[in-house]
Amino acid sequence: TEDLTLEYRVLQYGEKQYLLIIRDITQLKQLEQIRKDFVANVSHELRTPLTVLQGYLEMMEPEHLPQQAIWQKAHSVMLDQTKRMDNLVQQLLTLSRIEAAAKVHYDENVDAPAMLTLLEQEAHSLNREKQHQISFDIDLDLRVNAITEELRSAFSNLVTNAIKYTPDGGDIKVSWRREHHKAVFTVTDNGEGIAPQHVKRLTERFYRVDQARARTTGGTGLGLAIVKHVLSRHQSRLMIFSEPKRGSSFSFALPPELVVGELTANQPKLP
Ligand code: ADP
């Protein structure tokens, strides 16, 4: 195809004998491009809050300090921007930690129901301003083998997104249930929804449907990239169903092998 990148080398051995080596480096080139884009994105994301901070610090020249209004505004913006940078750096660290850990080691018997009960309380406090109806339907016996912190971050990212991207007074349903021997987690909202052309790109790093608006919600565009990685390390995938203006549903299923109490093909069946 036209997109193929080939590398040629001609080696001479003997007087009239040559060896032509052709190497397909298409994938290497693509990886290199992804790496470059990533660095460019990170730099941009870190520079934006830094520029804002700098602007406000310049405004806070000593002669302006007595003006309470300027000081208060500057203080709140600077606090927001610092939090944003901190959030971004935290998520980058999570992503790189997940990528660096080649070996997957599952913790046994992870109390996912307790994790979700805690998340339910956090969701209600996060929701205070938005006044959504949030309901959690948790199977209290459904424990799994998983990487505890990673599973927690997948749950939390999906629930937080539903709260963030649903206009005030929305309806959000979270469930953790056993289905066909699998552990299925689902978050459904009746929020803004996502057009099909965006859905397939949502798990790309820094991808946001509406860049400008996502900034005001404090997002980094890394949440779903983290969820995708986490799920691939749990033999699972993120499923997204969404319809603009009607809402979205994000779900994943952990396979029977990871569900505590499920018999798997490899285990001897009890009589
Ligand atoms: P962010 O930090 O921007 O929230 P994510 O990776 O978590 O990054 O999500 C990527 C984008 O997917 C968001 O910016 C938003 O446009 C879209 N999105 C995620 N969850 C939802 C949802 N429940 N409803 C509508 N859009 C969503």
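The values are calculated or read from the model by the stated rules, or taken from the named source; none is laboratory data. What you are looking at is a predicted structure, and each value in this text was computed from that prediction instead of being measured. Glycine gets a Cβ as well: all are built from the backbone with ideal geometry, and neighbour counts include every protein chain shown.
From the residues in the range 190-209 that are crowded, with 18+ Cβ neighbours inside 10 Å and closer than 14 Å to residue 250 by Cα, which one is farthest from the ligand (Cβ to nearest atom)? Checking each candidate, the answer is 190. If you go through the range 171-189 and keep only what is crowded, with 20+ Cβ neighbours inside 10 Å and either among the aromatic types (Phe, Trp, Tyr) or near the ligand (Cβ under 10 Å from one of its atoms) (or both), you end up with 172, 176, 185, 187, 189. Residue 130 satisfies every condition listed in (1) assigned to a loop (DSSP other than H, G, I, E, B); (2) without any contact (Cβ under 8 Å) to a residue 12 or more places away in the chain; (3) surrounded by 12 or more Cβ atoms within 10 Å (Cβ to Cβ) except (2).
A quick yes/no check of all residues on (1) hydrophobic (A, V, I, L, M, F, W, C); (2) in a helix (DSSP H, G or I); (3) over 25 Å from the mean Cα position of the chain (by Cα):
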residue	(1), (2), (3)
7	no, no, yes
14	no, no, yes
19	yes, no, yes
33	no, yes, no
43	no, yes, no
51	no, yes, yes
58	no, yes, yes
69	yes, yes, yes
72	no, yes, yes
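Figure legend. Inter-residue proximity from the range 17-44: first residues touching a residue at least 12 places away in the same chain (Cβ under 8 Å) and aliphatic (A, V, I, L, M), second residues surrounded by 11 or more Cβ atoms within 10 Å (Cβ to Cβ) and assigned to a strand (DSSP E or B), beta-carbon distance below 7 Å, spacing 6+ or different chains. Indicated pairs: 25/7. The set of residues in the range 141-168 that are basic (Lys, Arg) and within 20 Å of residue 94 (Cβ to Cβ) comprises 152, 164.
Do we have residue 87 as more than 30 Å from residue 55 (Cβ to Cβ), assigned to a helix (DSSP H, G or I) and in contact with a Gly (Cβ under 8 Å, 6 or more places away or on another chain) here? First the steps, then the outcome.
Numbers: more than 30 Å from residue 55 (Cβ to Cβ): no; assigned to a helix (DSSP H, G or I): yes; in contact with a Gly (Cβ under 8 Å, 6 or more places away or on another chain): yes.
In short, no.
I'd like to check something: does the range 69-82 contain any residue that is touching a Ser or Thr at 6+ places or on another chain (Cβ under 8 Å) and either more than 25 Å from residue 222 (Cα to Cα) or surrounded by 11 or more Cβ atoms within 10 Å (Cβ to Cβ) (or both)?
Of the range 69-82, the ones touching a Ser or Thr at 6+ places or on another chain (Cβ under 8 Å) are none.
No: the range 69-82 contains no residue that is touching a Ser or Thr at 6+ places or on another chain (Cβ under 8 Å) and either more than 25 Å from residue 222 (Cα to Cα) or surrounded by 11 or more Cβ atoms within 10 Å (Cβ to Cβ) (or both).
Looking across the range 18-41, the residues that are among the aliphatic types (A, V, I, L, M), surrounded by 11 or more Cβ atoms within 10 Å (Cβ to Cβ) and at pLDDT 85 or above come down to 25, 28.
The residue of the range 220-241 that is farthest from the ligand (Cβ to nearest atom), among those that are among the polar types (S, T, N, Q) and more than 30 Å from residue 46 (Cβ to Cβ), is 235.
Confirm whether residue 164 is touching a Ser or Thr at 6+ places or on another chain (Cβ under 7 Å) and either among the charged types (D, E, K, R) or within 12 Å of the ligand (Cβ to nearest atom) (or both).
Numbers: touching a Ser or Thr at 6+ places or on another chain (Cβ under 7 Å): yes; either among the charged types (D, E, K, R) or within 12 Å of the ligand (Cβ to nearest atom) (or both): yes.
Taking the combined requirement at face value, the residue satisfies it.
Highlighted here are the strands (runs of 3 or more DSSP E) found entirely within the range 152-271 that include at least 3 residues which are at pLDDT 95 or above, of a type outside the set (Asp, Glu) and over 14 Å from the mean Cα position of the chain (by Cα): 171-179, 182-189, 247-254. Look at the range 136-155: where a residue is of a type in the set (Ser, Thr, Tyr) and a partner is part of a strand (DSSP E or B), sitting 6+ places away or on another chain with Cβ atoms under 8 Å, you get 148/107; 148/110.
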